[in-house]
Amino acid sequence: MIWIDVTVFALLLLAVAVVTYGVTLYNALVAVKHQVDQAWSNIDVLLKQRHEELPKLIDVVKSHAGYEQELIEKITALRARTGRGGPDAERLAAEQQLSLGIGRLLATAEAYPDLKASASYLELQRRITGLEEQIAHRREYYNASVNLNNVRMEQFPDMLLVGLAGLLRRPLFAASSEERADMNAGALLAR
C-alpha cells in the first residue's frame, strides 16, 4: 500500500514538473515573439519619420537646381513601395534600397555648392543622417531578436510548442548586394 502511495506521489510530482516546464517554455517562446514585434516597431517608427523627411529633402534639392532627376524619381518610387506593414522580405528589400538611394542623394548633393550652403538642406541632411544611424542601431537589435526567434523555432523541445506560441520564421534585415559593394564616390560626384 505504501509502495502505491509513493508511486502515485512520484507520478504526480513528475506530471507537475512536466507541466511547469511546458508552461515556462511556452511563456519564453511568447516573450521571444513579442521581442521581435517590439524590435520591428522600434524600426518602423524611425522609418515613418524618415518617410516624412524625404519629401522635404527632395523639395529642397529640386528647388536649388533641376539635377539628379532620375535619382529623385527612384527615391520617390521606393518611398511609395515601402509603405506600412510588417517586416516581410519585399518591404525590407525596398527599405534597404531606399537607404542606399538616400545615401547616394546626400553624396551627390555634395557636388553642388549652392545646395550645400542651404540651411534647410543642411538641417534635413543632419536629421536624415541621424535617422539612418538610429535605424542601423535598431536593425542590429531587430536582427538579434529575429535570430533568437528563428533558432528557438528549430531547437528541441521548443519546436514542439512553436505552433501554440504563434512563432513564425522572420526575415533578417540584411544588407543588400549593392550595400555590400564598394561605393565609387568619384562616380557619384561626377554626375
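Tell me which residues, restricted to the stretch 8-27, are surrounded by fewer than 14 Cβ atoms within 10 Å (Cβ to Cβ) and closer than 30 Å to Tyr142 by Cβ.
Hits for the stretch 8-27 are Tyr21, Val23, Thr24, Asn27.
Here are some conditions: (1) within 24 Å of the chain's Cα centre (by Cα); (2) free of Cβ contacts under 8 Å to residues at least 40 places away in the same chain. Leu57 meets all but one. Which one does it not meet?
Of everything listed in (1) within 24 Å of the chain's Cα centre (by Cα); (2) free of Cβ contacts under 8 Å to residues at least 40 places away in the same chain, Leu57 misses just condition (2).
Scan the stretch 134-176 for residues that are of a type in the set (S, T, N, Q) and not in a loop (DSSP other than H, G, I, E, B) and jot them down.
Gln134, Asn143, Ser145, Asn147, Asn149, Asn150
Does Trp3 satisfy the criteria of being modelled with pLDDT under 80 and either on the phi > 0 side of the Ramachandran plot or assigned to a helix (DSSP H, G or I) (or both)?
Yes; evaluated as a whole, the condition is true for this residue.
Across the stretch 135-184, which residue is modelled with the highest pLDDT among those that are of a type in the set (S, T, N, Q) and farther than 15 Å from Gln38 by Cα?
This residue is Asn150.
Mind listing whichever residues of the stretch 120-147 are over 14 Å from the mean Cα position of the chain (by Cα) and surrounded by 15 or more Cβ atoms within 10 Å (Cβ to Cβ)?
Residues satisfying the conditions are Tyr121, Leu124, Gln125, Arg127, Ile128.
The values are calculated or read from the model by the stated rules, or taken from the named source; none is laboratory data. Keep in mind that this is a model prediction, so the values were computed, not measured. With ideal geometry, Cβ positions are generated from the backbone for all residues, glycine too; neighbour counts draw on all protein chains shown.
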